Amino acid sequence: MADHDIAKTAFRTHQGHYEYKVMPFGLCNAPLTFQATMNELLKSFLRNFIRGYAALVVSLTSLLQKDNFHWGVDAQNAFDNLKLVMTQAQVLSFPDFSVLFTLEIDVSGLAMGIVLMQHDHPLAFFSKVFCPRL
C-alpha cells in the first residue's frame, strides 16, 4: 500500500485508533473491497444508532455510482455534517417493557426515519432511503 493511502484505511475502536499498512484479507490494491467490507460491518450499527442516517448519507452514497464520483462543495458539506452527527450521537437506553413506547416518524421525498422512544429518550433509530422513481 502506498504511504499516502494508509490514512484512508484508518478506523477507531474502543481499544484505539488503527491504520492498515498492507491491505487486509490478503488483498492487493483493493480499497473498494475494504470499503465494501467496512460498510457491511457498520451498516446495521449506523442505521440503528444514528438518527436519520440514510438521509444524511444519500448524497455521499450516490457518489459511488459508476462514473459519478465528483467530490465538490456539496459532498464535502455532507461529509462534514455526517462526521458531526456521528461524533455527537445520542446514547441510547434499554427498553422498559412495563412502560408504553413512542414512535416518531419522519418521511420526506428521499428517505424515512423512525425513532423508538420511552420517556422522551431514544431506544433505537431506523432510516431508509427510498428508491428513485423511474
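Side notes on the structure shown:
- Put a dot 7 Å past the Cα of SER62, heading toward its Cβ, do the same for CYS131, and the two dots end up 1.8 nm apart.
- Spin-label model distance (nm) - ASP3 vs LEU110, 7 Å beyond Cα toward Cβ: 3.9 nm
- For ILE114, the shell of other residues with beta-carbons less than 10 Å away shows a net charge of 0, using +1 for Lys and Arg and -1 for Asp and Glu.
- Working note: Karplus 6.51/-1.76/1.60 with θ = phi - 60° gives segment 101-114 the couplings 9, 10, 10, 10, 10, 10, 10, 10, x, 9, 7, 9, x, 10 Hz, where Gly and Pro are set to x.
- Label-point gap, in nm, between ALA124 and ASP74 - each point 7 angstrom along Cα→Cβ: 3.4 nm
The numbers here are math on the coordinates, done by the rules we state, and not lab data. The structure displayed is predicted, hence computed values, not measured ones. Here Cβ is always computed from backbone atoms with ideal geometry, including for glycine, and neighbour counts include all displayed protein chains.
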